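These notes concern the structure reproduced below.
Values in this text are rule-based calculations from the coordinates and carry no lab data. Note that the structure is predicted; figures quoted are calculated from it, not measured. Neighbour counts are summed over all protein chains in view; Cβ atoms, including those assigned to glycine, are modelled from backbone coordinates with ideal geometry.
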Amino acid sequence: MGSSTKGVNGNYDYSFKILLIGDSGVGKSSILLSFISNSVQDLSPTIGVDFKIKQLAVGGKRLKLTIWDTAGQERFGTLISSYYRGAHGIIFVYDVTRRETFTNLLEIWAKEVDLYSTNKDCIKILVGNKVDKDKEREVTREEGMAFAQEHKCLFLECSAKTRENVQQCFKDLVLKILAVPGLLENGSIVVKRQILKQKQVYNAPRVGGCCS
Amino acid sequence: MAALFMKKPSTAELDAYYPVRSECQDGIPKTRFKLRAGKTLSARRWHAAFSEDGHLDIEKVLRRIQRGGVHPSIKGVVLEFLLGCYDPNSTFEERNILRQRRREQYVTWKAECQKMVPVIGTGKFITSPIITDDGQQIEDTTKGSKRDNGVMSTSSQDSEKKVIQWKLFLHQIGLDVVRTDRALVFYESESNQAKLWTVLSVYAWMDNDIGYVQGMNDICSPMVILLDNEEDAFWCFERAMRRLRENFRCSASSIGVQTQLGTLSQIIKAIDPKLHQHLEDLDGGEYLFAFRMLMVLFRREFSFVDSLYLWELMWAMEYNPTIFSLYEGPGGATDASAEPKVDEKLLKQCGKFERNNRKTGSAEQHHNALAVFLVASVLKTKNKQLLKEAKGLDDVVKILGDTTGNLDARKACTEALRIHKKYLSKTQKP
């Protein structure tokens, strides 16, 4: 069982957990796809929770981002809330062409996060998507900024379609996470615990036959 | 003899039955299903399986389907039988009367919905909320878009909770409809999108316990494509939901599918304790990573054609001849576990999976869906990689994600049946 280099993980200094939250159809999965694979395509609605991994280097540190993408329908809330635990960063997404997605962030999603996330220092960024459809805009940049200021979030507007600002969203978020010592500690602890767990698994006595 | 000369179409020709938009070719899983002469249920075989007055030799038909699936030209009508819309042991005439009655019932429900939300049935649909959470109508002051096509309710008193609940689903359904099977040419048409939207909306009204949950669109879409008639598509979907609706039941603390995930956990624990332990160590003992597979029956792991093939195989294997009367009977049971034992003759008319259940008498105790064993088979085939390479839940999801487009529906079913047998023998021990 020696070939650890063949593992899926590779090597990294910190591992961060990031969540994408927001209403149905605001473009959470599209932003993620645009960030991960530089591609743009029509996506089906997310069922429950999905995620992607991206490794990158920022400020001389090798990072592994595990980005959890969530379903927008409120009814999945109970399921999604169990994923909030231990998140280092949360990306709140709304659609600048649909006002209700903006107000719902305030009324529903922000409260959910406050209720369930355990990392007090967790970094939040507010992202207004679909700026390519500027003619249909219903939420101004100023409104977004005011919201972000009030809730101590970072703020950006982007377009998953044109890919404008998509990389920047993640970069801003990660840089801020790196600047918070409490979170950093957390990020490396995750790694240590995983290694520990893995050892336990391999050292565990072999379970033979059936258990009934 | 004719079968020998049956043209063997390539998968490309097969995909031509459900054409894909040219710009979307790259983003979708490859189709692996092949029509196989002598194995796939052909239109000719299908028609030959009916007696003069319309009785269907379901045993013969099931045997074919389980071996090689169904030819695209007859997928819709076959599905109606597999899902229990109709009794194979009835005449053409009896079924025509029943079909007529069902269509009328649907039209009645649809009319009820139309009264509340006039856009229903106009070939258009909505993607923006028409009502707030507390039941206030939303006036459209922003722009002249799709939504002012007579969307506003004609009755001002919508205080009833059920009505409000239902209206809150409508824009969510719309948001999902425009993203359902977008790669298929079929959904380039707005009227086809509206057809899917209407069927889901009427269903949400009729089954207000469940209403609408994301994922139901993935289940409904094939029915809308395979059955031209909207009413018939609705009933086919309704029957499919009889099997699946518990998965979509949402409460304050859980989602129904978690019951199946619990079963999955038991199965893996019994047949592969080492793998189960490993998953538990990675904090994956709840098997949430299999959530989507069960929720939308592998639609996202397969191409459109292949998921139809998988469903045919699954539903043929799960088939039992009493399903029709069970659904049709008083109370309309949603679970096949409550029925009496079937005799030898009926046993032959069961699919392979159901037969194994009945032989061991386990159908009476608990009715586990074949889908759960299918997930188990996927996990089992990835066993080595999971044990060796998965160091976190994220790795588990990644390894399983690699199965997209790489699964063989028939092999997966065969393996699922094997695991089912093994599980039964382990759990049946005194």
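A few comments on the model shown:
- Anchor B:K391: aspartates and glutamates whose Cα lies under 13 Å away (excluding residues fewer than 8 positions away in-chain): B:E280, B:D281, B:D283
- C-alpha center-to-center spacing [the stretch B:67-123, the stretch A:96-120] in angstrom: 41 Å
- Hydrodynamic radius by Kirkwood, which averages 1/r over all alpha carbon pairs of the protein assembly as shown, in angstrom: 26.3 Å
- The helix-based estimate of mean residue ellipticity at 222 nm for chain B, built from -39,500 (n - 2.57) per DSSP H run of four or more residues and divided by its residue count, is -16000 deg cm²/dmol to the nearest 500.
- Entries of A:K17/B:K382; B:K359/B:K422; A:K52/B:K411; A:K130/B:K30; B:K124/B:K161 with Cα pairs more than 23 Å apart: A:K17/B:K382; A:K52/B:K411; A:K130/B:K30; B:K124/B:K161
- In terms of surrounding Cβ atoms within a 10 Å radius of their Cβ, B:S51, A:S30, B:S201 rank from fewest to most as B:S51, A:S30, B:S201.
- Kirkwood Rh, Cα atoms: Rg over Rh of the stretch B:258-427: 0.99
- Across peptide B:172-180, the mean count of Cβ atoms from other chains lying within 10 Å of each residue's own Cβ comes to 4.
- Computed over chain B, the quotient of the alpha carbon radius of gyration and 2.2 N^0.38 Å is 1.01.
- Span-like helix ranges in chain B, DSSP H, alpha carbon extent 20 angstrom or more, Kyte mean at least 0.5: B:257-271, B:304-318
- Percent of Cα pairs in the stretch B:154-227 per distance bin of 5 Å, from zero to the largest separation: 3, 16, 29, 21, 15, 9, 5, 2, 0.
- Neighbour net charge for A:N129 - beta-carbon separation under 12 angstrom, K R +1, D E -1: +2
- Three principal axis extents of the stretch A:18-171 based on alpha-carbon atoms, in descending order, are 39, 33, 31 Å.
- Least to most buried among A:K64, B:K398, B:K30, A:K135 (fewest other Cβ within 10 Å first): A:K135, B:K30, B:K398, A:K64
- Antiparallel DSSP beta bridges within the protein assembly as shown, percent to nearest 5: 40 percent
- Per-residue Cβ neighbour rank within 10 angstrom, fewest leading, A:D69, B:D176, A:D132: A:D132, A:D69, B:D176
- With the convex hull drawn around the C-alpha atoms of the stretch B:92-248, the volume per residue stands at 117 Å³.
- Computed 3J(HN,Hα) for the stretch A:49-61, one whole-Hz value per residue from the Karplus formula 6.51 cos²θ - 1.76 cosθ + 1.60 where θ = phi - 60°, is 9, 9, 7, 10, 10, 9, 9, 8, 10, 9, x, x, 9, glycine and proline marked x.
- A:N119 long-range amide H proximity, modeled H, under 5 Å: A:G86, A:A87
- For B:Y319, the residues whose amide H sits under 5 Å from its own are B:G351, B:E354, ignoring neighbours fewer than 5 places away on the same chain, with H placed 1.01 Å from N.
- Scattering curve values for the stretch A:124-179, log₁₀ I(q)/I(0), Debye with Cα scatterers, q = 0.29, 0.30 Å⁻¹: -1.17, -1.19
- Interchain or long-range residues, amide H under 5 Å from A:L19's placed H: A:W68, A:G89, A:I90, A:I91
- Sites excluded, GluC sites (Glu not before Pro) in DSSP loops with at most 14 other C-beta within 10 Å, longest stretch of chain B: B:161-363
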